[in-house]
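Asks: There's a structure below that I have some questions on.
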């Protein structure tokens with residue numbers, strides 16, 4: 001065979017693999033340069049800042065863990081958004097919409113006050129549209145009860161204007177539109193509490209919302225009578241409990257603090273869901289034991305979450321519920337705190353190789369959480385013995 005014909009395939013082979021050879025050589029040089037730059041005597045190169053990416057957090061229920069994951073505990077984030085019933089201001093709604101856009105994979109439990117609909121001249125269609133704009137398919141709804149005059153009156157109950165969370169006297173102000181959100185629900189007789197709860201449930205249903213999975217009470221004031229009424233109404237959960245110690249710094253001079261401590265004397269920032277037994281049956285109490293973002297800083301949340309990580313190391317086969325709560329009415333201020341807290345939570349969990357999930361309350365009970373707790377009628381707070389708030393003191397937000 002002629003030499004030229006032999007060389008032609010060789011030249012073709014060389015052209016085909018020359019680029020690969022060059023690429024391999026460049027990679028080798030790159031590894032060598034990287035190793036040299038990481039040596040103690042070399043000057044580190046300045047890399048461009050890259051924003052960390054956060055993997056989506058799955059939404060799971062505590063009783064939906066697969067058999068393969070049953071021995072691996074995780075921390076479940078309970079994100080609760082409190083719709084107090086006060087107002088629907090654009091700046092707060094915009095802050096929440098931006099938060100939802102940034103965290104599309106998170107599920108939220110909405111604590112919705114029916115007072116938005118019972119107020120004088122309420123635009124019910126507009127209220128419904130606003131709520132639905134921020135409630136996503138993976139979310140859940142809980143009815144939030146308070147002493148709102150419009151809600152109480154529409155339930156056929158005689159309104160009581162005092163005592164309030166802040167004083168033994170009525171809060172001054174105009175009740176033409178509405179008032180009474182700071183009046184504790186437990187001052188009403190048992191039958192009236194049942195009527196107010198029934199009216200709250202029917203109001204949400206009449207405006208197109210699915211039946212709530214549970215109940216919550218403003219000011220954390222869920223008395224034994226409320227629990228019994230909730231059980232009789234077929235509700236599975238109460239999201240009212242709180243760790244009183246977190247309230248002491250801002251609320252110790254107000255009646256609400258004494259009442260919360262009387263209702264929840266044993267709750268701490270680490271308290272997990274537990275079952276409360278009433279004469280009508282049982283209801284699962286899901287503590288919002290971290291109060292709300294109105295009471296905490298991002299540093300506070302980070303510190304408490306790291307305590308949860310330590311608890312998980314001690315009981316690695318058990319899930320822990322970590323609550324994070326914010327108010328719609330103060331969202332413009334608290335959403336940045338929540339966002340910063342979440343970033344720290346994501347980073348700490350990743351560093352410790354701990355699984356995170358956002359919690360959806362299970363549709364069926366019982367739930368594998370804590371043991372029964374029996375609250376007697378005598379344990380409820382007595383408004384007449386509560387301390388009186390100091391004059392001219394600023395009144396903070398209460399759930």
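Asks: By how many nm would the segment from residue 122 to residue 272 lengthen if fully extended, with 0.36 nm per residue of separation less the alpha-carbon distance?
Replies: Result: 50.2 nm gained on full extension.
Asks: Considering only C-alpha atoms, what is the centroid distance from the stretch 308-363 to the stretch 208-261, in Å?
Replies: Their Cα centres are 21 Å away from one another.
Asks: Let me ask something additional. Which shape class applies to the stretch 286-326: rounded if a/c is under 1.5, otherwise prolate when a/b exceeds b/c and oblate if not, where a ≥ b ≥ c are the square roots of the Cα gyration tensor eigenvalues?
Replies: Oblate, since a/c reaches 1.5 and b/c is not below a/b.
Asks: Using Cβ counts within 10 Å as a stand-in for footprinting exposure, how do 319, 294 rank, fewest first?
Replies: Neighbour counts put them in this order, fewest first: 294, 319.
Asks: Moving to a separate point now. Which shape class, rounded, prolate or oblate, goes with the stretch 247-355 when its Cα gyration tensor gives a ≥ b ≥ c as root eigenvalues, a/c under 1.5 marks rounded, and past that a/b bigger than b/c marks prolate?
Replies: Values: a/c = 1.97, a/b = 1.15, b/c = 1.71.
Note, shape of the stretch 247-355 comes out oblate.
Asks: Contact order normalised by length for the stretch 128-212, with contacts defined as Cα pairs under 8 Å and 6 or more residues apart; what percent is it?
Replies: Over the stretch 128-212, the number comes to 36 percent.
Asks: Moving to a separate point now. Name the shape class, rounded, prolate or oblate, that the alpha-carbon gyration tensor gives for the stretch 172-266, where a ≥ b ≥ c are the square roots of its eigenvalues, rounded holds for a/c under 1.5, and otherwise prolate holds if a/b is larger than b/c and oblate otherwise.
Replies: Since a/c reaches 1.5 but b/c is at least a/b, the shape of the stretch 172-266 is classed as oblate.
Asks: On to the next question. What is the order of 329, 363, fewest Cβ neighbours within 10 Å to most?
Replies: Listing 329, 363 from fewest to most nearby Cβ atoms yields 363, 329.
Asks: At residue 98 and residue 310, where each label point lies 7 Å from the Cα along Cα→Cβ, what is the point-to-point distance in nanometres?
Replies: 3.5 nm
Asks: With a 10 Å Cβ neighbour count serving as the proxy for reagent exposure, in which order, fewest first, do 360, 318 appear?
Replies: Numbers: 360 20, 318 15.
Least crowded to most crowded, the residues run 318, 360.
Asks: R0 = 35 Å: FRET efficiency of residue 198 with residue 303, Cβ-based, nearest 0.05?
Replies: 0.25
Any read-out appearing in this document is the output of simple, stated calculations on the displayed coordinates, not a laboratory observation. Remember, predicted model here, so these are calculated numbers, not experimental data. Backbone-built Cβ (ideal geometry, glycine too); neighbour counts: all protein chains shown.
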